[in-house]
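Worksheet: one structure, shown below.
The values are calculated or read from the model by the stated rules, or taken from the named source; none is laboratory data. These figures come from a predicted structure and were not determined experimentally. In case anyone asks, the SASA skips ligands and DNA or RNA and just uses the protein heavy atoms, side chains included. Shrake-Rupley method; radii C 1.70, N 1.55, O 1.52, S 1.80 Å.
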Amino acid sequence: MNRVHGSLNDQALIYLQIAQMLEDDILRGVYREEEQVPSTNELAREYNINPATAAKGINLLVAEGVLYKRRGIGMFVAPGATAAVKEKRRKALGEEYVLPLLREAKSLGLNKEELLAMVKEAIEHEGGEKA
């Protein structure tokens, strides 16, 4: 049986967590393009959730073009899915973290150089160029 890596929590809707865990596994190369992902029934059993909830998470990724269905066989990672997920996450990173960071820096009166220095310091603290 294919297995999605991760665990559910109470912080977000379950179907969104299922979709995110599948995206995470695609980004990590657990599921490559054209490979089959777990079925809604497998996900339901694994996480003790309603199959309709698992299906909602999978259908969200189908709507985004990350997964596609082969009738009678199952769900598969779409060609270009890795790039699509990366682009979606980059955009979300900007909207959810970078823009609020810039707004807060502005409200604190930080200039560009001060903010960039803080970011560089954080990168060095975390141990490298890439997060």
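Defining a contact as two alpha carbons under 8 Å apart and six or more residues distant in sequence, what relative contact order in percent does the chain show?
21 percent
Report the relative contact order of the stretch 1-76, percent, no decimals, based on alpha-carbon pairs under 8 angstrom and at least 6 residues apart.
Averaging sequence separation for qualifying contacts and normalising by length gives 33 percent for the stretch 1-76.
Whenever you get a sec, line up ASP10, ASP24 from highest to lowest accessible area (probe 1.4 Å, protein heavy atoms).
ASP10, ASP24
Each residue of the stretch 66-79 in order: what ³J(HN,Hα) in whole Hz does its phi give by Karplus 6.51 cos²θ - 1.76 cosθ + 1.60, θ = phi - 60°, with x for Gly and Pro?
7, 10, 9, 9, 9, 3, x, 10, x, 9, 9, 6, 6, x
So, for the chain, what is the accessible surface per residue at a probe of 1.4 Å, expressed in square angstrom?
70 Å²
Using a ≥ b ≥ c from the Cα gyration tensor of the chain (square roots of the eigenvalues), is it rounded, prolate or oblate, where a/c under 1.5 gives rounded and otherwise the larger of a/b and b/c decides, a/b for prolate?
Note, shape of the chain comes out prolate.
Which ³J(HN,Hα) values in Hz, rounded to whole numbers, follow from the phi angles of the stretch 92-99 under the Karplus curve 6.51 cos²θ - 1.76 cosθ + 1.60, where θ = phi - 60° and Gly and Pro get x?
5, 4, x, 6, 8, 10, 5, 4
Give the accessible area for LEU61 in Å² (nearest 10); use a 1.4 Å probe, count only protein heavy atoms, and leave out ligands, DNA and RNA.
0 Å²
Express the carbon and sulfur contribution to the solvent-accessible surface of the chain as a percent, rounded to the nearest whole number, probe 1.4 angstrom.
Result for the chain: 53 percent of the exposed heavy-atom area is carbon or sulfur.
Using each residue's phi in the stretch 105-120, evaluate 6.51 cos²θ - 1.76 cosθ + 1.60 at θ = phi - 60° and report the 3J(HN,Hα) Karplus result to the nearest Hz, with x for Gly and Pro.
4, 5, 5, 8, x, 6, 8, 4, 5, 5, 5, 4, 5, 5, 5, 4
Express in Å², to the nearest 10, the accessible area of LYS91 obtained by rolling a 1.4 Å probe over the protein heavy atoms while all chains stay in place.
Surface accessible to solvent at LYS91 totals approximately 130 Å².
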